[in-house]
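Accompanying notes for the structure given below.
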Amino acid sequence: MSSLSDQADRFVENLTKLPAELTSLSVKTVLLAGAAVAGAILLFLLYRRVRRSKRRKAGALSSEKDIVQMLQRGRVLCDLLMGPAIARALICRFVIAKAGKKDLQCEMVEDFASDALEPGRPVLCTFKPVDVGKIRRNAFETTFLEFGEANGSLFAFFLKPAHAFTSVKRRRYKRKRVKDQQFVRAKLWATRYDGDPEAYLEAPPALAINAFDMRAPNQEENSLINISPGGLGLTAAADLVDQRIQPGADLVVNIFLFNIREKGFKPYWYAGKLRSAEEQSDGTVRIGVEFQRVGSQDSDTGDIVWELL
């Protein structure tokens with residue numbers, strides 16, 4: 001305690017202008033009280049850290065081999081993407097019905113582009129992150145084997161057992177906020193890309209943003225929120241969002257971006273799914289669109305040729 005006393009005495013000698021209320025206290029008492037408070041705070045923080053660590057360990061899997069069984073037992077919704085190592089085009093959403101030594105039997109919940117699947121094609125399966133020891137995993141690489149028979153409304157397919165677990169970014173592109181509406185326009189049709197081309201080349205759009213079309217009135221208040229090569233976000237007047245504009249709907253989108261060099265708007269074609277439609281307090285609906293295919297217009301026929309993103 002002698003060192004603490006020496007420090008306290010030196011501290012008092014240097015305090016020449018403290019208020020009388022403070023100098024009337026014993027400096028030793030103040031220092032000891034402060035040390036006690038600091039010790040209590042450190043003990044509390046250590047306790048919280050230990051509890052968090054125990055909770056993480058309690059919910060963590062002991063081995064990556066347990067991931068597939070966990071996904072199966074919980075019927076966790078997974079995404080199937082082109083692989084092997086980078087998440088690319090979304091093929092479908094599915095659950096694992098049975099995990100065997102030779103294959104994984106899966107049930108397709110939502111189909112986006114399963115026609116692109118063929119036996120032997122590398123794919124990537126992503127799911128919500130899980131803790132494995134001190135690391136986190138949210139994907140595994142595997143290979144598509146074949147389609148199976150339909151089980152009710154769910155279509156079956158088979159994958160090879162997982163052979164490499166990893167962590168990936170589930171969003172490929174960072175969306176950029178649209179700050180100036182005058183430089184971007186868009187039209188959306190509630191139709192499939194592989195249906196009748198006239199349904200989007202000739203028909204009036206279901207929604208129009210900054211692209212005034214006399215056949216689609218009262219669209220002046222619609223606006224784009226953000227945009228990327230993988231999708232866009234927009235707001236539309238609630239009375240314009242009918243039964244066609246609902247989550248899961250197929251969409252064809254024609255976007256016009258202003259090109260400064262050419263001093264004009266350049267068109268881009270995309271096809272995909274409407275992912276979300278949330279009502280806002282101001283009487284609008286916020287809509288999220290995911291692109292799955294990109295189109296280019298044939299100069300000879302005028303038709304749109306589509307390719308997977």
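The values are calculated or read from the model by the stated rules, or taken from the named source; none is laboratory data. Only a predicted model underlies this, so the values are computations on that prediction, with no experimental measurement involved. Backbone-built Cβ (ideal geometry, glycine too); neighbour counts: all protein chains shown. When the accessible area is computed, the model is the full protein with side chains, heavy atoms only, and any ligands, DNA or RNA have been set aside. Shrake-Rupley method; radii C 1.70, N 1.55, O 1.52, S 1.80 Å.
Tabulated values for the structure
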| read-out | value |
| --- | --- |
| Extreme residue, farthest from Val294 (Cα to Cα), among residues of segment 238-254 that are within 25 Å of the chain's Cα centre (by Cα) and open to solvent by less than 40 Å² (accessible area, probe 1.4 Å) | Val241 |
| Qualifying residue in segment 45-63 (condition: under 27 Å from Phe127 (Cβ atoms) and modelled with pLDDT of 75 or more) | yes |
| Identity of the residue in segment 255-309, of a type in the set (Lys, Arg) and modelled with pLDDT under 85, that ends up least open to solvent (accessible area, probe 1.4 Å) | Arg275 |
| Tally, over segment 116-135, of residues that are on the phi > 0 side of the Ramachandran plot and surrounded by 15 or more Cβ atoms within 10 Å (Cβ to Cβ) | 0 |
| Single residue of Ala99, Ala113 found to be surrounded by 12 or more Cβ atoms within 10 Å (Cβ to Cβ) and modelled with pLDDT of 90 or more | Ala99 |
| Segment 136-162, subset open to solvent by less than 90 Å² (accessible area, probe 1.4 Å) and outside any strand (DSSP E or B), residue modelled with the highest pLDDT | Pro161 |
| Residue match in segment 217-235 (condition: in contact (Cβ under 8 Å) with a residue 60 or more places away in the chain, in contact with an Asp or Glu (Cβ under 6 Å, 6 or more places away or on another chain), within 30 Å of Ser63 (Cα to Cα) and assigned to a strand (DSSP E or B)) | no |
| Selection status of Arg261, of a type in the set (D, E, K, R) and either out of contact with any strand residue (DSSP E or B) (no Cβ under 7 Å at 6 or more places or on another chain) or more than 22 Å from Asp115 (Cβ to Cβ) (or both) | yes |
| Residue in segment 168-182 that is modelled with pLDDT of 90 or more and either within 21 Å of Leu308 (Cα to Cα) or loosely packed, with under 12 Cβ neighbours inside 10 Å (or both) present | no |
| Single condition Asp298 does not satisfy, out of (1) closer than 29 Å to Ile91 by Cα; (2) in contact (Cβ under 8 Å) with a residue 24 or more places away in the chain | (2) |
